[in-house]
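Take a look at the structure below.
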Amino acid sequence: MIVCSEQRRLLIIACTSTKSPDVRLLPAIDRYRGPSFRVLRRWLSDHPEAAARLDVYILSAGFGLIPAIQPIPDYDRRMTAARACELCDQVRATLGELLALRSYASVYLSAGKVYRQTLGDLCTIAGLRSLTTAPDGAGIGAQLGALKRWLTAESC
């Protein structure tokens, strides 16, 4: 049985190399075209009431941790261990501010190993008491399935 909650949820999702080449600034959620973003946009469209209780932030190799609605240009930057280290302070500060402003019933991190490095030790981040992550080492199908299950878990 699915129980609906008025509590907010937080999705942190890694950017993708596939992007819209549109020269205009686009909201980050529309810029990225990878499979995880297709799953997310479809779910948002199909579940508007539940979507209203979901905050989406994107771990971007180019911009750090940003809200999904933030307009961004087309760019080409890969996340590397060095880049993750460069972004760590910004990402942790942004996440800390976000968690200080709002309490989340559930947090999902859909990001690979290198992207997770931007967060450092997740155990030390206050407010991440209900964190679920994408399965380590799983193929894209399993990762997308896990994302979809988490999104749908509390949909109405």
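The values are calculated or read from the model by the stated rules, or taken from the named source; none is laboratory data. Please read all numbers here as calculations on a predicted model, not as lab measurements. Every residue, glycine as well, gets a Cβ built from its backbone with ideal geometry; the counts of neighbours run over all protein chains shown.
G62 meets each of the listed conditions (1) closer than 23 Å to G141 by Cα; (2) surrounded by 14 or more Cβ atoms within 10 Å (Cβ to Cβ); (3) of a type in the set (G, A, S) apart from (1). One residue is enough: does segment 49-66 have a residue meeting the conditions charged (D, E, K, R) and more than 13 Å from the chain's Cα centre (by Cα)? Yes, segment 49-66 has at least one match. Could you go through segment 47-60 and let me know if any residue there is assigned to a helix (DSSP H, G or I) and either hydroxyl-bearing (S, T, Y) or closer than 22 Å to T133 by Cβ (or both). Within segment 47-60, one or more residues are assigned to a helix (DSSP H, G or I) and either hydroxyl-bearing (S, T, Y) or closer than 22 Å to T133 by Cβ (or both).
The single condition from (1) charged (D, E, K, R); (2) crowded, with 18+ Cβ neighbours inside 10 Å; (3) out of contact with any strand residue (DSSP E or B) (no Cβ under 8 Å at 6 or more places or on another chain) that E49 fails is (2). Taken over segment 98-156, the residue count meeting the criterion of being in a loop (DSSP other than H, G, I, E, B), hydrophobic (A, V, I, L, M, F, W, C) and modelled with pLDDT of 85 or more is 3.
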